[in-house]
Amino acid sequence: MLARADFPLTKAIVDTSAGLVHLTSAGSGRPQVVMVPGTGSNAAVALPWLRVLSARWATIVVDLPGQPGLSDAHRPRRARLAWYGRVLDEILDATCDDRVVMVGNSLGAAVALSADSSRIAARALISPAGFIRLRVDPQMALASAAWLSRPTAEHSRRMLRLFVGPGTEPPETEVEWMTLMATSCRPTLAPPPLPAGLLSRRAERPCVVGVGEHDRFLPPQRLAPAVRAAMNLDVRVFAGAGHLTTPAHLDEVMALVSDAIDPPTN
């Protein structure tokens with residue numbers, strides 16, 4: 001899927017304690033942005049994110065180890081978020097000369113929160129895991145079970161319709177990828193909430209949080225109070241969006257990242 005990119009990419013491999021980690025980068029300009037995708041995702045799936053972010057800033061997308069992608073397939077059985085955080089710290093130390101802005105989506109947001117590197121200047125978290133347990137309603141559970149047991153394009157599409165806003169069709173690239181993923185591997189379970197003390201410390205650096213209006217996993221009415229209690233932050237709600245951030249809502253992601261870099265004054 002990386003071969004489909006219609007803009008220049010640079011690829012690199014970093015040797016970490018978790019094995020080899022694949023990075024894909026594009027663009028120029030400061031500050032540097034490091035994007036961590038969600039469960040089952042990688043740079044190839046996140047090409048729309050990389051295209052938009054790299055139009056303004058130098059951007060790196062990390063293929064997390066233990067997730068489908070080009071990095072090492074190993075992942076630990078327990079304490080995964082702490083492990084991912086340490087790996088991300090190693091990646092930043094090896095590749096970034098200056099302070100960076102972390103952009104995390106879903107699982108990637110929890111990983112961005114777990115990382116403790118002094119190179120992290122700010123964080124922008126979209127549909128973030130790590131604050132509350134993800135909600136799986138009966139309709140989602142049934143659709144997911146059908147997708148895993150019989151991975152066809154139609155089952156993938158039916159499930160992904162629950163990831164986007166009402167009346168929205170999921171991108172065909174996502175349908176294709178989810179079908180391939182269910183055929184070839186198994187995704188990890190959603191991570192648990194991070195410790196309150198860790199979240200409180202992360203509030204010491206600039207951070208912005210956004211979530212889709214129709215996010216079934218992290219409904220804004222549940223997520224917003226938890227983020228407020230943990231980090232004293234308001235949550236920006238993306239109108240019409242679900243848990244899956246489609247290209248139609250990437251302008252809102254750009255605005256969120258801009259606010260992490262240059263917080264608006266009241």
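The values are calculated or read from the model by the stated rules, or taken from the named source; none is laboratory data. What you see is a predicted model, and the numbers here were worked out from it, not measured in a lab. Here the Cβ positions follow ideal geometry from the backbone for every residue, glycine too, while neighbour counts run over all protein chains shown. Surface accessibility is based on the protein's heavy atoms, side chains included, excluding ligands, DNA and RNA. Shrake-Rupley method; radii C 1.70, N 1.55, O 1.52, S 1.80 Å.
Assuming charge only on the beta carbon of Lys and Arg (+1) and of Asp and Glu (-1), the dipole of the range 1-101 about its Cα centre is about 360 debye to the nearest 20. Taking all protein chains into account, the per residue accessible area for the chain stands at 45 Å² (1.4 Å probe).
The charge dipole of the chain, taken about its Cα centre with unit charges on the Cβ of Lys, Arg, Asp and Glu (plus for the first two, minus for the last two), comes to roughly 720 debye.
Screening the chain for whole DSSP H helices of 15 Å or more along their axis (Cα) with average Kyte-Doolittle hydropathy at least -1.0 returns 80-95, 138-149, 172-184, 220-231, 250-261.
Using unit Cβ charges (K, R positive; D, E negative) and no other charged atoms, how large, in debye to the nearest 20, is the dipole of the range 138-266 about its Cα centre?
Values: 12 positive and 13 negative charges, 124 e Å.
That gives the range 138-266 a dipole magnitude of about 600 debye.
Using only alpha carbon pairs under 8 Å that are at least six residues apart, calculate the relative contact order of the range 131-266 and give it in whole percent. Intermediate results must be reported in sequence, preceding the final value.
Numbers: 167 pairs, mean separation 38.8, N = 136.
Once divided by the residue count of the range 131-266, the mean separation gives 29 percent.
Note on ALA145 and SER200: their simple-model spin labels are 4.1 nm apart, each label 7 Å out from Cα toward Cβ. Label-to-label distance for ARG135 and THR183 is 3.4 nm, based on points extended 7 Å past Cα in the beta-carbon direction. How high is the relative contact order of the chain, in percent, with contacts defined as C-alpha pairs under 8 Å that are six or more residues apart? Worked out over the chain, it gives 17 percent.
Carbon and sulfur: what percent of the chain's accessible surface (1.4 Å probe)? Don't skip to the end; give the middle numbers.
Details: 6250 of 11860 Å².
It is 53 percent, rounded to a whole number.
Percentage of Cα-Cα pair distances in the range 157-228 greater than 18 Å, rounded to whole percent? Mind dumping the intermediate values first?
Working: 1486 of 2556 pairs.
Above the 18 Å cut-off, the range 157-228 has 58 percent of its Cα pairs.
Against the set [x] 13.1; [y] 14.3; [z] 12.4, the structure's computed mean projected area of the Cα convex hull in nm² falls on [x].
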